[in-house]
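The following block contains the structure, expressed as structure tokens.
Where a number appears in this text, it was derived from the coordinates with a stated rule and is not lab data. Everything numeric in this text was worked out from a predicted model, so none of it was measured. Cβ: placed from backbone, ideal geometry, glycine included. Neighbour counts: every protein chain shown.
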Amino acid sequence: MANFPLKIVTSDGLIFDGMAEKVIVRTIRGDMAVLARHINCVAPLGMGRAVVEVDGRRRTAACIGGMLNVVDGAVTLVPTTFEWAEDIDPARAQAAAKRAEELLAKRDALTEQEVALADAKLKRALIRQNVYRGE
């Protein structure tokens, strides 16, 4: 399979810089796969699993928000948060999900903004748990 240059950069720094065979990410409109010779595009990222294939090996990550950019065959992924499955702390993700669920249980006492924030925190925690478990 043909390769293309891929960079994954977050506010914490460079996560990946090398050649890849495939990248699959969740955009705000659904999952999107990028292969070599993909057309130029920019896509806003949603919340979900990211898959990066290098030398026939698949690595998964929790990828939250940001942008995907494809220009002249080079792919740049600039997520807000990006955690490889093996780097996810499952206890921390579970605790975050529990805190968010407890907040959402008091939905009637929260503002719309607080509900939206707690809902987003719960979704992020569940994605991280699922990616860690390989689901």
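So that you can scan it fast, the table gives a plain yes or no per residue for (1) touching a Leu at 6+ places or on another chain (Cβ under 8 Å); (2) free of Cβ contacts under 8 Å to residues at least 12 places away in the same chain; (3) farther than 21 Å from GLY30 by Cα; (4) hydrophobic (A, V, I, L, M, F, W, C):
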{"position": "ARG58", "(1), (2), (3), (4)": "no, yes, no, no"}
{"position": "MET67", "(1), (2), (3), (4)": "yes, no, no, yes"}
{"position": "ASP72", "(1), (2), (3), (4)": "no, no, yes, no"}
{"position": "ASP108", "(1), (2), (3), (4)": "no, yes, yes, no"}
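On to the next question. Run ALA125 past the list (1) crowded, with 18+ Cβ neighbours inside 10 Å; (2) over 15 Å from the mean Cα position of the chain (by Cα); (3) hydrophobic (A, V, I, L, M, F, W, C); (4) not in a strand (DSSP E or B) and report the number of the one that doesn't hold.
Exception for ALA125: condition (2).
Take the range 91-110 and flag every residue that is within 14 Å of ARG124 (Cβ to Cβ) and not acidic (Asp, Glu).
Start the filter on the range 91-110 by keeping residues that are within 14 Å of ARG124 (Cβ to Cβ), which leaves 92-101, 103-104.
ARG92, ALA93, GLN94, ALA95, ALA96, ALA97, LYS98, ARG99, ALA100, LEU103, LEU104, listed by residue number.
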